[in-house]
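The values are calculated or read from the model by the stated rules, or taken from the named source; none is laboratory data. All of these numbers come straight from a predicted model, not from anything done at the bench. Reconstructed Cβ throughout: ideal geometry from the backbone, glycine too, with neighbour counts over all protein chains shown.
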Amino acid sequence: MCLIIHKPKGKKIPQEIINRAKLVNPHGFGITWLDDGKTERTTDYNSTTVRTLSTTTRPLVCHFRYATVGKIDRNNVHPFPINGTDEVIYSNGTVQGFGTKTQSDISCIAEDVLSKLEDHYWLPFLELTDTRFAIVNTKLGTVQRVGKWHTLNGIDYSKTNCFPQKYRVGVYGTLKSGYHNSDLLSGQERIGEAVTKDQYPLEVDGLPYLHEEKGVGHNVELEIYDVDFECLQRLDQLEGHPNFYKRKVIPVQMYDWSETYAWVYFVQNRWFDDTKPVHEFYLPF
C-alpha cells in the first residue's frame, strides 16, 4: 500500500488523486518541500497542508501511509531521516524481515541499515527489494527514485491505484435525464440506455425502490454513465449508500445488444411483498 508523489515546481496534483489517496491510505501524511528542505508529518488529514495540497505549485515529495508494519502513530509517518546525512527516505511497499509491532519496516531500515552504510551502497541495497523508494536530499532539493514509478501529466507516482478513474453506473428514477436529481451527473459521460440483464422487482411508492430479488419483476430500464470519483461520492450520499441503498455491480444489456457491467443501487432493509405486482419503471420524456 501507501503512495509517494514526486511533484516538480509549477505542477498541481489533481484533487481527485488526493481524495483517493486519503481514502485508501488513511494512516498518516508526510511531505518534504524541495525548495526549502522543510519536512512536515501529520496523522491529521484535515491539516492545512493536506487541505491545500492540490493548489500548491511548489516542488515536493509527499507520502500517504497505509500501515502494514508498525503502529499507527506519528512516529511511523514518513519520511525517515538517514542519520548523519541530509537525506530522508520515503517508501511504498513492505520490506520483509524488517520492523516490529511498534516500528515500521522503513523506519528500521533508515535507522539500522542505511545509517550504517556508505551512501553509494544505499541504492544497491534498496534495489534488492520490490519496494519503491524516494530519497530526498533536503539541502540540495534533489530526489532519487528507486523501483518502478508512473508519470501522469509531469508528476511521478509510486503506484497508479489513485489515478483518476471512471466508474460505470446505471441509474433509474430521479437520476435519469430531465429529472430533478439528474444535475448530479452533470459533466459525466453518458454511455447510453440499457436494461438489467436479470429481472428485479422495482417498487414504485412515491420513490422507486429497486429490490435485490433476482428473477422477480422485470428487466429494469437504466441510463448508463461513466462517472468520476467525486460524482460517485455525490451519488452515494444521495442514495444513503451503504445503509439505505447499496450499490452493487450487475450485468446490463445495452440497447445496441452489447453487454457491460455497472454499479446499480438496491434498497436495503425495506420489506418487499412479492404477492403484489411489480412494475418496470418508465419516466415519460
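Here are the numbers for the structure shown:
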{"quantity": "Long-range neighbours under 7 Å by Cβ, at least six apart or interchain, first residue more than 13 Å from T129 (Cβ to Cβ) within the range 100-115, second at pLDDT 95 or above and charged (D, E, K, R)", "calculated": "T102/K71"}
{"quantity": "Number of the condition not met by P277 [criteria: (1) at pLDDT 90 or above; (2) not in a strand (DSSP E or B); (3) not β-branched (V, I, T)]", "calculated": "(1)"}
{"quantity": "Residue within the range 137-156 that is under 30 Å from K246 (Cα atoms), among the aromatic types (F, W, Y) and part of a loop (DSSP other than H, G, I, E, B) present", "calculated": "no"}
{"quantity": "The range 116-145 residues that are more than 21 Å from M1 (Cα to Cα), paired with ones that are at pLDDT 95 or above and exposed (fewer than 12 other Cβ atoms within 10 Å of the Cβ) (beta carbon under 7 Å, 6 or more apart)", "calculated": "G141/D35"}
{"quantity": "Exclusive hit being exposed (fewer than 14 other Cβ atoms within 10 Å of the Cβ), at negative phi, under 25 Å from the mean Cα position of the chain (by Cα) and without any contact (Cβ under 8 Å) to a residue 40 or more places away in the chain, set K248, K214", "calculated": "K248"}
{"quantity": "Yes/no for E223 being charged (D, E, K, R), more than 27 Å from T57 (Cβ to Cβ), in a loop (DSSP other than H, G, I, E, B) and free of Cβ contacts under 8 Å to residues at least 60 places away in the same chain", "calculated": "no"}
{"quantity": "All positions within the range 57-114 that are acidic (D, E) and surrounded by 14 or more Cβ atoms within 10 Å (Cβ to Cβ)", "calculated": "E87, D105, E111"}
{"quantity": "Any pair with Cβ under 7 angstrom, 6 or more apart, that starts in the range 1-30 at a residue that is surrounded by 22 or more Cβ atoms within 10 Å (Cβ to Cβ) and ends at one that is small (G, A, S) and part of a loop (DSSP other than H, G, I, E, B)", "calculated": "L3/S158; I4/S158"}
{"quantity": "Criterion (in the same structural domain as Q253 (by TED's automatic domain parsing), over 24 Å from C162 (Cα atoms) and modelled with pLDDT of 95 or more) met by exactly one of L207, L235, L185, L222", "calculated": "L222"}
{"quantity": "Residue in the range 82-99 that is hydroxyl-bearing (S, T, Y) and more than 20 Å from R145 (Cα to Cα) present", "calculated": "no"}
{"quantity": "All strands (runs of 3 or more DSSP E) inside the range 38-124 with 3 or more residues being farther than 17 Å from H27 by Cα", "calculated": "87-92"}
{"quantity": "Subset of the range 27-45 [within 10 Å of V136 (Cβ to Cβ) and not hydrophobic (A, V, I, L, M, F, W, C)]", "calculated": "T32, G37, T39"}
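Quick grid of which residues meet (1) acidic (D, E); (2) modelled with pLDDT under 95; (3) farther than 25 Å from K148 by Cα; (4) not assigned by TED's automatic domain parsing to the domain that holds G141:
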| position | (1), (2), (3), (4) |
| --- | --- |
| K7 | no, no, no, no |
| P14 | no, yes, no, no |
| F29 | no, no, no, no |
| T32 | no, no, no, no |
| E40 | yes, no, yes, no |
| D44 | yes, no, yes, no |
| V50 | no, no, yes, no |
| T57 | no, no, no, no |
